[in-house]
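A.B. asks: Here it is: the structure, laid out below.
The values are calculated or read from the model by the stated rules, or taken from the named source; none is laboratory data. Predicted model only: the values in this text are computed from it and were never measured. Please note: Cβ atoms are built from the backbone with ideal geometry, for glycine as well, and neighbour counts cover all protein chains shown. Side chains are part of the model used for accessible areas, which takes the heavy atoms of the whole protein and leaves out ligands, DNA and RNA. Shrake-Rupley method; radii C 1.70, N 1.55, O 1.52, S 1.80 Å.
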Amino acid sequence: MAYDLKITGGTIVDGTGKPGFVGDLGIKDGRVVALGRADGTATATIEAADQVVAPGFVDVHTHYDAQVLWDRMLSISPWHGVTTTVIGNCGFGVAPTRAAHRKLILQTLEKVEGMSLEALQAGLGESWPFETFPQYLDTVEKRGVAINVAALFGHTPLRMYVMGEASTERAATADEIAVMKKLMREAMDAGAIGFGTSKSITHNGYAGKPVPSRQATVEEMHALVSVMGDIKRGLMQVTIGREFSTKEMAEVSRKYQVPVTWTALLSYMYGPGGHRKQLELAAQQRQSGALVIPQVSCRPLNFEFTFAEPFIFDVQKIMHELAVEDAKSPGARRRAYADPAWRKRFTAELTPVFQRWWDRTVIAWAPSARELEERPLAEAARKMGKDPVDLALDLALASDLQARFRMAVLNFDEAQVSDLITDPNTIIALSDAGAHASQLCDACYATYLLGHWVREKKTFTLEQAVHHLTQRPAEMFGITDRGVLAEGRPADAVVFDPKTVGPGPLKRVYDLPAGADRLVSEAHGITAVIVNGQVIRRDGKDAVASDAKLPGRLLRHGRAP
Ligand SMILES: [Zn+2]
């Protein structure tokens, strides 16, 4: 046979942004060996008329560091066409970790990434088969995985490893920084593609303490990034904070010639219209010789809340007053929520950003009306002939205020999001796959980009969108053998129907270890997903057994050895 697999008659969109063309893709021994015409015989053939054949998608912002140890399929990313993921983002991870710190590391993940502690403990078990970062990489490689994985070295486990619990409390000494540098070099030599860290004031770990990376000084950051400067490889990923803003990022980028990417630039984060200033800044920094790339998201950022603790509304005067009153005389919340006059005031007194909040709210969990779950609040209210605020508060009261709602709080203004995702100095990412699993699911961002922003809004051509999902993130992250379809390259591909591709509605399932729940989205229109020449998904179902030999590779130094 000339080919192990060929995909015939599809529109080949190769990831570079060049116009697509109708042709065949021939694959042999895990590599693309024909592109355009593949006339020879093949062991298996996928007919792809009216379908698009693209490189597998590259998701550079995931948190599968723990999940990869119990879920070799890395669900749900491949469902949506992702064939390469980057782990270790925001400086979180599970290695290096001493046995004595395992629980603290998992509790940190629980707090900052919204992972279930029970699921983490059940998934990882009592004895971990690794302590150091190189051992962790060996473990991932040996266990095998359905899609490719590249890893950032995480600042939080690194600091905890070197400084113990003091890592959450103070700056490192010169000796400690020297040890960290040595471990950083060891991680890069073992195949890390860069270094992840967080200075975000929202990142508090176990016992409410700041995550270790937040206690790092700018000098410590420089010391660690200098390791990548010395070996002329690797990138820095930062969750931004005041003490390490884009100014400090530009300095390290220029000084060590290391690209820096930061999370997250979302619309409304810097006030209405504030995103434009950030985009101008990114352009200026680029001109000044720094490579500082904000990560943006093509999806609204959602948060879940209950009316028992409606933290989303804390900044609203009326809600704040109610919290104060409820603390003084318990039950005040319930009485207000039931009072038609209070309900009227609640709607009338909202600040501009919160007006019509119900239009971007979904009923996430409603024990008194399960049939409404995962339905948009406004739509459900319309069908019932009710006011949406009345419906929300009625569901809250019927559930002892435990009913959960999910609201888009940032990145919902589509004109602004369009500015962000089409800017030449940003990168579309932020799936956060594997994290916040019971709260949100953006692991489907790739099919959302293709369905919403290409087909519905026509903000991108198909070729541009595929480029944003493949070559652009791969190049930025130094993943050198993925992201384009070309002869001789590893055969990672996704076949999809451009007329139907998109994410399905979110669905709550209970399939994590210890029965923990998460939100998932099935993909529409994804016909086949191929990793290193092997079909792993076909028509929305796994095409390989999770206990079989799996085709994903650990991309040490950004490529398969
Ligand atoms: Zn993250």
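A.B. asks: Going from most exposed to least, what order do LEU279, LEU301 have by accessible area with a 1.4 Å probe?
C.D. replies: Ranked from most to least accessible, the order is LEU301, LEU279.
A.B. asks: In deg cm²/dmol and to the nearest 500, what is the mean residue ellipticity at 222 nm of the chain if only DSSP H runs of at least 4 residues count, each as -39500 (n - 2.57), divided by the residue total?
C.D. replies: After summing the helix terms and dividing by residue count, I get -9000 deg cm²/dmol.
A.B. asks: Okay, moving on. Could you list which residues have their amide H under 5 Å from that of ARG375, counting only those 5 or more apart in sequence or on another chain, with H placed in the peptide plane?
C.D. replies: For ARG375, whose amide H was placed from the backbone, the distant partners under 5 Å are ILE363.
A.B. asks: If you build the convex hull over the alpha carbons only and average its shadow over all orientations, what do you get for the range 109-209? Give it in nm² to one decimal.
C.D. replies: Directional mean of the projected Cα hull area for the range 109-209 stands at 7.4 nm².
A.B. asks: Summing +1 for each Lys or Arg and -1 for each Asp or Glu, what net charge is found among the other residues whose Cβ lies under 10 Å from the Cβ of THR84?
C.D. replies: Here the count lands on -1.
A.B. asks: Could you run the Karplus curve 6.51 cos²θ - 1.76 cosθ + 1.60 with θ = phi - 60° over the range 402-413 and give me ³J(HN,Hα) per residue in whole Hz, x for Gly and Pro?
C.D. replies: Working through the residues one at a time gives 8, 3, 10, 10, 10, 10, 6, 9, 9, 6, 9, 7 Hz.
A.B. asks: Using the Cα gyration tensor of the range 246-337, with a ≥ b ≥ c the square roots of its eigenvalues, what is the shape: rounded (a/c below 1.5), prolate (a/b larger than b/c) or oblate (neither)?
C.D. replies: Since a/c reaches 1.5 and a/b is larger than b/c, the shape of the range 246-337 is classed as prolate.
A.B. asks: Counting only protein heavy atoms, what percent of the accessible surface of the chain is carbon or sulfur at a 1.4 Å probe?
C.D. replies: For the chain, the apolar C and S fraction of the accessible surface comes to 52 percent.
A.B. asks: Going by amide H atoms built from the backbone, whose H comes under 5 Å of the H on ASP24, apart from near neighbours?
C.D. replies: Amide H to amide H, under 5 Å and 5 or more residues apart or across chains, ASP24 pairs with GLY9, GLY36, ARG37, ALA38.
A.B. asks: Does the range 148-276 classify as rounded, prolate or oblate by the C-alpha gyration tensor (a ≥ b ≥ c root eigenvalues; a/c under 1.5 gives rounded; else a/b over b/c gives prolate, otherwise oblate)?
C.D. replies: oblate
A.B. asks: So, one more: Please list, ordered by chain and number, the residues whose modelled amide H lies under 5 Å from the amide H of ALA433; skip anything fewer than 5 residues away on the same chain.
C.D. replies: HIS63
A.B. asks: Also, I was wondering about something else. Do any GluC sites (Glu not before Pro) in the range 454-561 lie in a DSSP loop with no more than 12 other beta carbon atoms within 10 Å, and if so, which?
C.D. replies: Sites meeting the loop and neighbour criteria: GLU487.
A.B. asks: Another question about this same structure. How large is the charge dipole for the chain, taken about the Cα centre, if only the Cβ atoms of Lys, Arg (+1) and Asp, Glu (-1) carry charge, to the nearest 20 debye?
C.D. replies: 480
A.B. asks: Also, quick follow-up: Mind checking the per residue accessible area of the range 228-382 for me, 1.4 Å probe, whole number of Å²?
C.D. replies: 49
A.B. asks: Determine the dipole magnitude for the range 412-561: charges of +1 sit on the beta-carbon of Lys and Arg, -1 on that of Asp and Glu, nothing else is charged, the reference point is the Cα centre, and the result goes in debye to the nearest 20.
C.D. replies: Dipole size: approximately 440 debye.
A.B. asks: What is the spread of the Cα atoms of the chain along each of their three principal axes, largest first, in whole Å?
C.D. replies: Computed over the chain, the largest-to-smallest principal extents equal 76, 61, 50 Å.
A.B. asks: Turning to a different aspect of this structure: Considering only the range 210-309, what is the antiparallel percent among its DSSP beta bridges, to the nearest 5?
C.D. replies: Beta bridges within the range 210-309, antiparallel portion: roughly 20 percent.
A.B. asks: Also: Taking trypsin sites (Lys or Arg not before Pro) that fall in a DSSP loop and have at most 16 other Cβ atoms within 10 Å as cut points, what is the longest piece of the chain between them?
C.D. replies: Looking at the chain, 243-355 is the longest stretch - no exposed trypsin sites (Lys or Arg not before Pro) with at most 16 other Cβ atoms within 10 Å.
A.B. asks: Starting from the 7 Å offset along Cα-to-Cβ, what nm value, one decimal, do you get for the label separation of GLU118 and ALA514?
C.D. replies: For GLU118 paired with ALA514, the spin-label model returns 0.7 nm.
A.B. asks: At 7 Å along Cα-to-Cβ for each site, give me the label-to-label distance between LYS344 and ALA398 in nm.
C.D. replies: The two pseudo-label positions are separated by 2.5 nm.
A.B. asks: Let me ask you something else. How large is the Rg to Rh ratio of the range 1-156 when both quantities use alpha carbon positions and Rh follows Kirkwood?
C.D. replies: Rounded to two decimals, Rg over Rh is 1.11.
A.B. asks: Under the rule a/c < 1.5 gives rounded, and otherwise a/b versus b/c splits prolate from oblate, where does the range 42-119 land using the Cα gyration tensor?
C.D. replies: prolate
A.B. asks: Rounded to the nearest 5, what is the percent of antiparallel bridges among the DSSP beta bridges in the range 1-99?
C.D. replies: Antiparallel bridges: around 50 percent, rounded to the nearest 5.
A.B. asks: Also, quick follow-up: Which net charge results when you count Lys and Arg as +1 and Asp and Glu as -1 among the other residues whose beta-carbon is under 12 Å from that of ASP326?
C.D. replies: Residues near ASP326 contribute +1 overall.
A.B. asks: What is the distance in Å between the Cα centroid of the range 215-239 and that of the range 90-156?
C.D. replies: Using only Cα atoms to place each centre, the spacing works out to 21 Å.
A.B. asks: Something else now. Take the cross-link list LYS181/LYS232; LYS103/LYS182; LYS142/LYS182; LYS344/LYS386; LYS182/LYS232; LYS199/LYS277 and give me the ones stretching past 19 Å between alpha-carbons.
C.D. replies: The pairs that break the limit, which is 19 Å between Cα atoms, are LYS103/LYS182; LYS142/LYS182; LYS199/LYS277.
A.B. asks: Loop only per DSSP, at most 12 neighbouring Cβ atoms within 10 Å: give me the GluC sites (Glu not before Pro) in the range 123-168, ordered by residue number.
C.D. replies: GLU126
A.B. asks: I'd like the Karplus ³J(HN,Hα) series for the range 209-215: coefficients 6.51, -1.76, 1.60, θ = phi - 60°, whole numbers in Hz, and an x wherever there's a Gly or Pro.
C.D. replies: These are the phi-based 3J(HN,Hα) values: 7, x, 5, x, 4, 5, 8 Hz.
A.B. asks: Can you list the HN-Hα couplings for the range 65-82, worked out from phi with the Karplus curve (6.51, -1.76, 1.60; θ = phi - 60°), rounded to whole Hz and with x for Gly and Pro?
C.D. replies: 3J(HN,Hα) across the range 65-82, in whole Hz: 3, 8, 4, 4, 7, 10, 10, 5, 7, 6, 5, 10, 3, x, 4, 9, x, 7.
A.B. asks: Provide the percentage of antiparallel DSSP beta bridges, counting only those with both residues in the chain; round to the nearest 5.
C.D. replies: 60
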